[in-house]
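Report on one structure; see the data block that follows.
What follows draws every value from the coordinates through simple rules; no lab data is involved. Everything quoted here is computed from the prediction, not taken from an experiment. Backbone-built Cβ (ideal geometry, glycine too); neighbour counts: all protein chains shown.
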Amino acid sequence: MTAASAEARGVRAPFESRALAIRSCCMRDVLKPLHLLLHWYSELKCHELRKRLDYQDAQLRVLREALGKKRLRFTPEQRRLLAAKAAALGRKVLRSMTTIVTPDTLMAWHRKLIAEKWTHPRRVGRPRKSAELCALVVRVAKENATWGIKRIEGVLRNLDYRISRTTIGRILAERGIPLVPERLTSWRQFVRSHAATIAAMDFFTTEVWTWTGLQTWYTLFAIDHQTRAVQVLGTTPHPDGSFMAQVARNITSVLEGWWRNKTMVLFDRDTKFTAQFRRILEHAGLQCIPLPPRAPDANAIAERFVRSIKSECLDRLIPFGVESLHRALREYLAHYNGERNHQGIGNELIAPRLGDVGGRGRVVVRRRLGGLLNFYRRKAG
């Protein structure tokens, strides 16, 4: 470096430093109003936030006073939310605030949340089969008493379920369902298999007002297990042996209608079903099957008819005289056999008449017993 250049540099240095000082002063003068504006805006927002926090604090105080000693119940999702927010504030800040629950409780929730995050459930062995698949295995086994494990496995494979024979056996054993040699045919399955040849009998009673006062009348009926059709066999206040014998003769004299295909008659062990009554039926080729004692489910179809006629008709009437009872029975049987839908046969009519189902005409109503029993159909246009 020459002496001339060094001298020139020494002359420029004071001017450069002076220029930098002037430039910094100008920048401070320019930024000072902006700094003041930002400070004013931040103070304004902080003041607004303090007002909101004061309102929330007062609101929580009022809520705690209103609740008193009543304990709040929180869902797991609500606890997770409060614990996460509380952990971000810390215990010191929480103690200076009004909270629904104590800071110690919030921090305890937070610790539990962390523990659940790092705790993995221990699973041993293969996962269990779904409840839907287990229910299907049980259903197939109950509905098919002669099917073994291999047969059930094949049926499930047709339905795109992959399950081993060992698992099928375990599912059946857990639910107390034996294997094929020990699995008996259920009474329900037996009745369904022989429904076309079975008729059931039973009595129901009706209290009738007569000239001598309130009198109990017994009504004997028979019901077809296949079609649910009902026939009243007789009504009497004294169901003795002579009455039952006459009923048996009426049935067997001309086996017509749905009686023609019947070979078995079910009834309970009531003493009204006398030995003479059974002999007459058996002589005509009808096998009498007394049901187990105190087992109304064994004659469930007949019991259901008794409930229907009671709730829909007889419990809503006061029979004044025997003729009033006979009229009610006739009207209800006509409604039951031809106008009432039955869930046991797919919610269909037993014997629909021409024009009762379908059509495009105006909807009309057929009333029985003064509107107690109604049937709706379309009138031909």
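Think of the range 164-276 as a dipole: +1 on every Lys or Arg Cβ, -1 on every Asp or Glu Cβ, centred on the Cα centre; then among Gln231, Ser164, Phe267, Ser164 lies furthest on the positive end. Listed by chain and number, the aspartates and glutamates placed with their C-alpha closer than 16 angstrom to that of Lys272 are Asp202, Asp240; residues fewer than eight positions away on the same chain are left out.
Less than 16 Å apart at the alpha-carbon level, and either on another chain or at least 8 residues along: which aspartates and glutamates does that give for Lys112? The reachable aspartates and glutamates, counting only those whose Cα sits under 16 Å from Lys112, are Glu77, Asp104. Under 17 Å of direct C-alpha separation, and excluding same-chain neighbours fewer than eight residues apart, Lys379 reaches these aspartates and glutamates: Glu339, Asp356. With neighbours defined as other Cβ atoms within 10 Å of a residue's Cβ, the residues Thr146, Thr102, Thr236 order from fewest to most as Thr146, Thr102, Thr236. Is the range 192-379 rounded, prolate or oblate when judged by the Cα gyration tensor, a ≥ b ≥ c being the square roots of its eigenvalues, rounded requiring a/c under 1.5 and prolate requiring a/b larger than b/c? Taking the square roots of the gyration eigenvalues as a ≥ b ≥ c, the range 192-379 is oblate.
Take the Cα radius of gyration of the range 75-117 and divide it by 2.2 N^0.38 Å, N being the number of residues; the result is 1.05. Residue separation of Arg316 and Arg139 scaled by 0.36 nm, minus their Cα-Cα distance, works out to 59.7 nm of gained length. For His283, His342, what ranking results if the residue with the fewest other Cβ atoms within 10 Å of its Cβ goes first? Ascending Cβ contact count within 10 Å gives the list His283, His342. Dipole size of the range 277-320 about its Cα centre, with +1 on Lys/Arg Cβ and -1 on Asp/Glu Cβ: approximately 80 debye, rounded to the nearest 20.
By average Cβ neighbour count within 10 Å, what is the ranking of 72-80, 245-253 from highest down?
Numbers: 72-80: 11.3, 245-253: 16.1.
In descending order of packing, they fall as 245-253, 72-80.
Derived scalar couplings between HN and Hα for the range 227-244 equal 9, 6, 5, 10, 9, 7, 8, x, 9, 7, x, 10, x, 8, x, 5, 5, 5 Hz in order, rounded to whole Hz, by the Karplus curve 6.51 cos²θ - 1.76 cosθ + 1.60 (θ = phi - 60°), x for Gly and Pro.
Of Lys85/Lys129; Lys142/Lys310; Lys51/Lys92, which ones are farther than 30 Å apart at the Cα?
Lys85/Lys129; Lys142/Lys310
Under the simplified labelling scheme, the Asn158-Thr252 pair shows an inter-label distance of 4.5 nm, with each label point 7 Å from Cα along Cα→Cβ. Dividing the mean sequence gap of close Cα pairs (under 8 Å, 6+ apart) by how many residues the range 192-379 holds gives a relative contact order of 19 percent. Working from label points 7 Å from Cα in the Cα-to-Cβ sense, the Ala115 to Leu372 distance is 6.8 nm.
In loop segments of the range 331-375 as defined by DSSP, the trypsin sites (Lys or Arg not before Pro) with at most 12 further C-beta atoms inside 10 Å of their C-beta are Arg353, Arg360.
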